[in-house]
Amino acid sequence: MSTGNKKTKKSKNQSSKFIFWVIGLIAVCLVGLIFLSNTAKKEAMDYEGQPFLGEKSAPVKIVEFGDYKCPYCKNFNDTLLQDIEKDFIDTGKASFYFMNYSFINVDSTRSAKFAETVFKELGNETFWKFHELLYEKQPDDTKAEQMDIYTEAFLKDTLREIASEAEVKRVVNAFNNDQSKEAWEKDMSAANKLSITSTPSIFINGVKFEGSTYNDFKKRVHEAATEE
């Protein structure tokens with residue numbers, strides 16, 4: 001079974017990381033009001049053909065809907081995902097899927113489609129390397145959210161860091177032929193059906209995670225493992 005790229009960064013204090021992430025859910029990346037339901041609703045999720053970390057056979061499936069321009073998605077990727085990998089993905093308890101909800105500006109859509117093309121042309125492992133690079137290169141200045149930064153030239157140069165020139169050419173040709181359109185539209189359609197309004201939005205076995213601490217997250221994963 002294929003596994004995603006392992007990350008080796010040291011994780012920070014779990015409490016402060018979750019506070020930062022939760023603030024993000026109601027701040028910069030908020031598109032509209034977030035309506036919370038007291039009753040957890042299980043949604044149908046299509047995991048087929050999606051980038052993933054871990055084993056597909058894992059009992060719990062975690063999904064992140066994200067935007068490459070969102071600073072809170074960057075924080076999630078750089079910090080909390082490290083803990084999720086260590087506690088759940090590497091232990092075989094859960095698999096982790098990334099789906100696009102591109103809403104900030106044209107960069108969001110362009111980078112998402114390019115990353116989808118990398119996944120389609122070069123596979124799951126290269127996708128996750130590229131995915132991590134995009135967040136590493138995200139500008140710290142929040143004003144950059146509305147700037148056109150993730151140009152095709154930027155995306156090509158970023159891919160060159162982890163792929164050969166022949167592979168880069170292959171991805172660019174497929175990208176320019178809009179080969180990733182269907183995959184990207186599938187993600188956006190799923191996000192719209194789920195009434196997603198912010199990123200990162202997390203689902204655990206089809207149920208939206210509404211907790212506020214990492215302990216809440218761990219508890220929900222353990223509950224999901226015993227619900228089927």
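Throughout, read-outs are computed from the coordinates displayed, never taken from laboratory work. These numbers come from a predicted model, not from an experiment. Note that we place each Cβ from the backbone using ideal geometry, even for glycine, and neighbour counts take in every protein chain shown.
Annotations
- Residues that are surrounded by 15 or more Cβ atoms within 10 Å (Cβ to Cβ) and closer than 14 Å to I84 by Cβ, drawn from region 206-221: F209, G211, Y214, F217, K218, R220, V221
- Counted residues, region 52-89 - those being surrounded by fewer than 20 Cβ atoms within 10 Å (Cβ to Cβ), of a type in the set (K, R) and touching a strand residue (DSSP E or B) at 6+ places or on another chain (Cβ under 9 Å): 1
- Residue within region 140-155 that is within 18 Å of the chain's Cα centre (by Cα) and in a loop (DSSP other than H, G, I, E, B) present: yes
- Among the residues of region 168-189, those that are out of contact with any Phe, Trp or Tyr (no Cβ under 8 Å at 6 or more places or on another chain) and either surrounded by 17 or more Cβ atoms within 10 Å (Cβ to Cβ) or in a loop (DSSP other than H, G, I, E, B) (or both) comprise V168, V172, A174, N177, D178, Q179, W184, K186.
- Taking each residue of region 46-73 that is within 19 Å of F88 (Cα to Cα) and looking for partners that are of a type in the set (D, E) and not in a loop (DSSP other than H, G, I, E, B) with beta-carbon atoms closer than 7 Å, six or more apart or interchain, yields L53/E85.
- Residues located in region 90-118, provided they are of a type outside the set (D, E), assigned to a helix (DSSP H, G or I) and surrounded by 23 or more Cβ atoms within 10 Å (Cβ to Cβ): S111, A112, F114, A115, T117, V118
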